Amino acid sequence: MYYRKLGDTGLSVSEISFGTIPVLQGSVPVLPDYFNLDEQEALAVMEHAYRLGCNLYDTAIVPEYGDAEIKLGKFAALVGRDNIIISDKARFFGGSEMYQAVEISCENLGTTPDLYFVHQVDAEHEEEVFGRGGALDALAELKAEGMIRYAGIATHYYDILLRGAQDDRVDVLQGSGNLLERGMLDRVREETRFRSKGFLVNKVFAAGLLPARFPVRTLIDFVRSYPVSSVLIGLGTKEQVDAAMGRDTITHRTLLPTFEEVLSVLEKEYNPIPCDRCQRCACPHGTEIHTLFRQYQYFHMGKDYWALKKLGLGIAGSAKRCRECAQMPCMDACPRKIRIAQEMQKVERLVRDYPVGKCPHPS
């Protein structure tokens, strides 16, 4: 295993880190088909990764991610708390709620976490998080009290990551990116203000869809070719740990496909939208164009029922506003010159042809 600096924290983290979602047990509505490991099985998988050199384990507060946080605390006690770095998070945006969440996480873990993120920050909650008395102020206070070591922001949005990169209260960032959705990583690489922050990357396998189309080693190598601290992989079996962290994966670097080559692979299955989710396509009407395009891709790659449920939330109105928009600033901003209006109609037709109740795989 190789290690990288976690920004200016002084910590060194394994290039590949362990995401604990697959080791959870419990009722988690957004994750109905995970491995459902019991405690003994979960500890064995985490220890296997530890023996291969993994020192960073990422989790989230109970019950959002089942009992994974509790299992990670028991694993930390098993291998020695000082031998691993614990990354934790909670989806609370106000200061008092976040303060209480960290206290609960400490109880669940049986120790204090090293990193603690405000989880899934979006535009709706951005000002609350960054504003006075918000979640970031709470994490700064908790850091001063020694209940956490470093504070972070986790989000799928580039503009929020950039704001975090410019905020002295933020030590670490967690964002998403992969071989297909590489646009945000490209922007992070170009922006020097990210250099002092630790940066973890999730969604490397795109909700588990990309390993069926590209080697795991290629997917991991692609992300670690960027100036990031660690590639965060959800792992639920020893075999998955070996595929992600085995010696061949770590030491042998692969030839990385271009975006056009990735699209050519997908074209064997469907007609992909050539969007890399750079998020430059700001819509004057508030439509998250890049998110709709992602759901379209995910539908065709196998997450059909899940994608349709999300696409069905307002796509008709979004497509109508797109047809009526005279300015189309999104097209001017798109570096790939996507014909956004036409692609939006394609997404609308998909939802019309496959209402959720008639989804090919309603699971």
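Do we find a residue being under 17 Å from the mean Cα position of the chain (by Cα), in the same structural domain as Ala60 (by TED's automatic domain parsing) and in a strand (DSSP E or B) anywhere in segment 153-169?
yes
Residues that are outside the structural domain of Gly183 (by TED's automatic domain parsing), under 23 Å from Ser176 (Cα atoms) and at pLDDT 85 or above: does segment 310-322 have at least one?
Taking every residue of segment 310-322 in turn, none turns out to be outside the structural domain of Gly183 (by TED's automatic domain parsing), under 23 Å from Ser176 (Cα atoms) and at pLDDT 85 or above.
State all residues of segment 180-191 that are surrounded by fewer than 19 Cβ atoms within 10 Å (Cβ to Cβ) and either at pLDDT below 95 or assigned to a loop (DSSP other than H, G, I, E, B) (or both); if no residue qualifies, say none.
Once the filter is applied, which keeps residues that are surrounded by fewer than 19 Cβ atoms within 10 Å (Cβ to Cβ) and either at pLDDT below 95 or assigned to a loop (DSSP other than H, G, I, E, B) (or both), segment 180-191 yields only Glu191.
With Asp242, Asp276 as the choices, which residue is of a type outside the set (A, V, I, L, M), modelled with pLDDT of 95 or more and not in a loop (DSSP other than H, G, I, E, B)? Walk me through it before giving the result.
Details: Asp276 fails: not in a loop (DSSP other than H, G, I, E, B).
Being of a type outside the set (A, V, I, L, M), modelled with pLDDT of 95 or more and not in a loop (DSSP other than H, G, I, E, B) holds for just one of Asp242, Asp276, which is Asp242.
Among the numbered criteria (1) part of a loop (DSSP other than H, G, I, E, B); (2) at pLDDT below 95, which one does Asp8 miss?
Result: Asp8 passes all but (2).
Filter segment 55-85 down to residues that are of a type in the set (A, V, I, L, M, F, W, C) and in contact (Cβ under 8 Å) with a residue 60 or more places away in the chain and give me whichever is surrounded by the most Cβ atoms within 10 Å (Cβ to Cβ). Write out each step before concluding.
Let us first name the residues in segment 55-85 that are of a type in the set (A, V, I, L, M, F, W, C), namely 56, 60-62, 68, 70, 72, 75-79, 84-85.
Pick out the ones that are also in contact (Cβ under 8 Å) with a residue 60 or more places away in the chain and you get 56, 85.
Values: Leu56: 27, Ile85: 24.
Taking the candidates together, the pick is Leu56.
Residues are listed down the side, and each one gets a yes or a no for (1) closer than 27 Å to Leu56 by Cβ; (2) assigned by TED's automatic domain parsing to the domain that holds Ile338:
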site: Pro227; (1), (2): yes, no
site: Gly246; (1), (2): yes, no
site: Glu261; (1), (2): no, no
site: Cys281; (1), (2): no, yes
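Checking Ile338 against (1) in contact (Cβ under 8 Å) with a residue 12 or more places away in the chain; (2) over 18 Å from Tyr270 (Cα atoms); (3) not in a helix (DSSP H, G or I): exactly one of these is not met. Which one?
Going through (1) in contact (Cβ under 8 Å) with a residue 12 or more places away in the chain; (2) over 18 Å from Tyr270 (Cα atoms); (3) not in a helix (DSSP H, G or I) one by one, Ile338 breaks only (2).
Looking only at segment 171-205, count how many residues are under 21 Å from Thr291 (Cα atoms) and in contact with a strand residue (DSSP E or B) (Cβ under 9 Å, 6 or more places away or on another chain).
To start, the set of residues in segment 171-205 that are under 21 Å from Thr291 (Cα atoms) comprises 173-188, 200-205.
Checking which are in contact with a strand residue (DSSP E or B) (Cβ under 9 Å, 6 or more places away or on another chain) leaves us with 173-178, 184-185, 188, 200-205.
The number of residues fulfilling the criteria is 15.
Taking into account only those residues within segment 273-318 that are in contact (Cβ under 8 Å) with a residue 40 or more places away in the chain and charged (D, E, K, R), which is farthest from Arg213 (Cα to Cα)?
Result: Arg280.
As an exercise: evaluate Gly236 against (1) at pLDDT 95 or above; (2) in a loop (DSSP other than H, G, I, E, B) and give the number of the one condition it does not meet.
Just one mismatch for Gly236, condition (1).
What residue, of Tyr65, Tyr116, is touching a Ser or Thr at 6+ places or on another chain (Cβ under 8 Å), at pLDDT 95 or above and either within 30 Å of Ile160 (Cβ to Cβ) or outside any helix (DSSP H, G or I) (or both)?
Details: Tyr65 fails: at pLDDT 95 or above.
Criteria check complete, one pass: Tyr116.
Would it be correct to say that Leu37 is surrounded by 16 or more Cβ atoms within 10 Å (Cβ to Cβ) and at pLDDT 95 or above?
Considered against the rule, which asks whether it is surrounded by 16 or more Cβ atoms within 10 Å (Cβ to Cβ) and at pLDDT 95 or above, Leu37 comes out as no.
Would you point out which residue out of Val265, Val201 is of a type in the set (A, V, I, L, M) and surrounded by 23 or more Cβ atoms within 10 Å (Cβ to Cβ)?
So the residue among Val265, Val201 that is of a type in the set (A, V, I, L, M) and surrounded by 23 or more Cβ atoms within 10 Å (Cβ to Cβ) is Val201.
Would you mind telling me which numbered condition in (1) out of contact with any strand residue (DSSP E or B) (no Cβ under 6 Å at 6 or more places or on another chain); (2) of a type outside the set (D, E, K, R); (3) closer than 22 Å to Ala49 by Cα Ala212 fails?
(3)
Looking at (1) assigned by TED's automatic domain parsing to the domain that holds Glu47; (2) of a type in the set (Lys, Arg); (3) crowded, with 19+ Cβ neighbours inside 10 Å, which is the only condition Arg277 fails?
With (1) assigned by TED's automatic domain parsing to the domain that holds Glu47; (2) of a type in the set (Lys, Arg); (3) crowded, with 19+ Cβ neighbours inside 10 Å applied to Arg277, the lone miss is (1).
The values are calculated or read from the model by the stated rules, or taken from the named source; none is laboratory data. Here the structure is a predicted model, which means the values were calculated and not measured. Backbone-built Cβ (ideal geometry, glycine too); neighbour counts: all protein chains shown.
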